[in-house]
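Q: Dropping the structure in here first, questions after.
Read-outs: derived from the displayed coordinates by stated rules, not from any lab. Only a predicted model underlies this, so the values are computations on that prediction, with no experimental measurement involved. Heads up, the Cβs are rebuilt from the backbone with ideal geometry, glycines too, and the neighbour counts pull from every protein chain shown.
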């Protein structure tokens with residue numbers, strides 16, 4: 001067993017001992033031993049136990065642990081500590097710059113025990129008020145987690161968007177042509193990107209390959225009419241070359257999923273596609289033009305055959321921003337700053353403030369008294385900012401049994417209620433589904449927030465029966481959120497069609513914790529387009545008068561039920 005492996009194991013033992021509040025002297029001696037072993041000029045496994053005990057900085061106790069590790073590949077004390085430590089906490093220890101003291105605060109004070117939850121907490125500004133943290137530390141942790149996430153070669157769409165634009169401009173310069181197009185997952189607006197793909201009218205050659213290397217791309221190699229390379233961060237890049245007369249055909253082949261392209265070309269058969277554009281090729285196949293986002297091989301071919309493809313929603317269709325946080329809970333900007341930004345910078349008609357509810361103590365959730373105080377401020381601002389409207393909302397925690405964490409009296413004071421799960425995520429599918437359905441059946445629930453709680457590339461969502469949950473929303477006139485944060489994009493686009501086919505409205509909500517967070521609605525719109533959503537299916541594509549009517553109708557329904 002190599003010294004580095006032994007040293008690494010001792011470092012983990014030292015960290016876990018500190019995490020579990022062991023004797024500081026013992027913690028320090030194990031950490032010191034790890035340093036000593038790492039620097040030894042000879043392999044320690046060649047020494048007997050007696051010889052190990054004589055090594056400076058070890059002593060009998062630690063020498064026996066090292067011997068145990070060499071003989072059995074484990075240390076019992078370490079194994080016992082691992083058993084009582086969540087796996088996500090141990091994973092956090094691998095992130096440079098987060099020591100045991102900070103991890104203890106993250107775990108015990110903030111209730112976070114996975115790296116995915118920690119990353120999202122950084123996005124929600126939950127770390128800045130914690131002991132020993134601040135905005136700078138939070139940003140450093142966020143950057144380190146992003147670096148680790150990128151190491152597996154998969155990236156969030158939002159994280160490669162600027163890079164795609166830069167590479168497109170670079171390629172135009174290197175290849176000396178404007179006939180360069182993004183294809184693949186990026187053109188289909190997939191939520192996770194495994195590679196950036198480009199189609200170029202031209203020919204691959206060694207000179208072009210060398211030029212790409214000079215411009216910072218790595219491991220470039222030519223394979224026929226394709227140049228494969230990657231960025232420093234590990235993202236795969238493919239440049240495919242074609243003749244101008246086959247551009248339309250190649251755009252379809254290189255953009256769509258395998259299922260989509262197989263379906264298209266089984267219809268086309270031996271048709272002559274030379275010099276035909278994408279649109280013309282779809283016409284030859286007897287289909288309406290299918291937008292790139294929809295080319296996933298689901299039901300788009302059938303819809304195109306019958307000319308029933310939806311007119312996809314545009315970012316410009318959005319009239320307001322719902323589900324946002326202010327300094328009343330865990331936001332960076334004040335309620336007024338959030339509203340003024342939406343009015344002046346985004347030209348929106350309304351904003352919905354949904355600060356965290358009282359169960360979210362970690363996020364400075366609002367007590368009953370603070371709810372009333374915030375609503376008084378909203379009343380004052382609505383006079384000041386009219387005709388712009390601030391809706392009184394709340395993100396009410398769905399508790400373990402599916403109930404919401406305010407009394408009906410408090411819930412009735414809001415214009416709308418977003419009901420979300422934030423805790424106890426480890427449930428069976430049956431229990432998690434029952435929990436959501438009970439919250440949906442609460443007459444005060446307006447919107448079901450981020451239905452699965454997933455964090456892309458970080459944490460899979462809790463298991464739910466999507467059909468049952470969506471059916472419950474349809475039965476109870478509850479809207480489903482498309483959480484627009486690029487980490488969430490939840491409800492998943494694969495369930496959008498089922499929702500709207502059952503008459504369920506969707507709402508593209510940024511879950512913004514600072515003014516710039518409202519811009520995430522762009523990513524929510526992209527994923528809504530991928531799910532086949534039109535403005536007619538989207539709550540916040542309604543203007544102020546229309547959405548006021550929706551909220552009033554729910555209030556009327558509640559009054560009649562009483």
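Q: Sequence gap at least 6, Cα distance under 8 Å: using those rules, report the relative contact order of the stretch 3-150 to the nearest whole percent. Working shown, then result.
A: Details: 140 pairs, mean separation 27.4, N = 148.
Relative contact order here is 19 percent.
Q: Please give the calculated 222 nm ellipticity per residue for the chain, where each DSSP H segment of at least 4 residues contributes -39500 (n - 2.57) and the sum is spread over every residue; nearest 500 deg cm²/dmol?
A: Working: 24 runs with 247 residues, N = 562.
When only DSSP H runs of four or more count, the value is -13000 deg cm²/dmol.
Q: Using the count of nearby Cβ atoms within 10 Å as a rough guide to exposure, how do 29, 507 rank from fewest to most?
A: On the way: 29 18, 507 31.
The most exposed by this proxy come first: 29, 507.
Q: Let me ask another. Which value in nm describes the separation of the simple spin-label points at residue 475 and residue 169, placed 7 Å from the Cα toward the beta carbon?
A: Once both label points are built, they end up 5.4 nm from each other.
Q: Something else now. So for 92, 338, fewest C-beta neighbours within 10 Å to most, what's the order?
A: Working: 92 23, 338 26.
The fewest-first ordering by Cβ neighbours comes to 92, 338.
Q: Sort the following peptides by mean Cβ neighbour count (other Cβ atoms within 10 Å, averaged over residues), highest first: 211-217, 487-493. If you can, show how the numbers build up before the last one.
A: Values: 211-217: 14.6, 487-493: 25.3.
For the peptides 211-217, 487-493, the packing ranking is 487-493, 211-217.
Q: Then there's this: What number in nm² do you get for the stretch 152-242 if you take the convex hull of its Cα atoms and divide its surface by four?
A: Values: hull surface 21.0 nm².
Average of the hull's projected areas for the stretch 152-242 equals 5.3 nm².
Q: Normalising by the residue count of the stretch 415-562, find the relative contact order in percent from Cα pairs under 8 Å and 6+ residues apart. Each step should come with its number before you reach the end.
A: Working: 238 pairs, mean separation 29.3, N = 148.
Worked out over the stretch 415-562, it gives 20 percent.
Q: What is the calculated FRET efficiency for residue 289 to residue 429, with r their C-beta to C-beta distance and R₀ = 25 Å, to the nearest 0.05?
A: On the way: r = 39 Å, r/R0 = 1.55.
Calculated value: 0.05.
Q: Could you list 521, 93 so that the one with the fewest beta carbons within 10 Å of its beta carbon is first and the one with the most is last? Each step should come with its number before you reach the end.
A: Values: 521 26, 93 17.
Neighbour counts put them in this order, fewest first: 93, 521.
Q: Taking Cα pairs under 8 Å and at least six residues apart, what relative contact order does the chain come out at, in percent?
A: On the way: 996 pairs, mean separation 57.3, N = 562.
Result for the chain is 10 percent.
Q: Across every pair of different alpha-carbon atoms, what Kirkwood hydrodynamic radius in Å does the chain reach?
A: About 26.8 Å for the chain.
Q: Determine the gain in length on full extension of the stretch residue 232-residue 246; use 0.36 nm per residue of separation and subtract their C-alpha separation, reporting nm with one decimal. Walk me through the numbers before you get to the answer.
A: Details: separation 14, 0.36 × 14 = 5.04 nm, distance 3.23 nm.
Answer, rounded to one decimal: 1.8 nm.
Q: Another one. If each residue of separation counts as 0.36 nm, what is the full-extension length gain between residue 345 and residue 407 once their alpha-carbon separation is subtracted? If you can, show how the numbers build up before the last one.
A: Numbers: separation 62, 0.36 × 62 = 22.32 nm, distance 3.64 nm.
The residue 345-residue 407 span can extend by a further 18.7 nm.
Q: Return the distance in nm (one decimal) between the two label points of a simple spin-label model at residue 494 and residue 383, each offset 7 Å from Cα along Cα→Cβ.
A: 5.2
Q: When N counts the residues of the stretch 258-309, how does its alpha-carbon radius of gyration compare numerically with 2.2 N^0.38 Å, as a ratio?
A: On the way: Rg = 10.3 Å, N = 52, 2.2 N^0.38 = 9.9 Å.
The value comes to 1.04.
Q: Stretched out fully, how many nm does the piece from residue 545 to residue 68 gain, at 0.36 nm a residue minus the Cα gap?
A: Details: separation 477, 0.36 × 477 = 171.72 nm, distance 7.27 nm.
Working it through step by step, the gained length comes to 164.4 nm.
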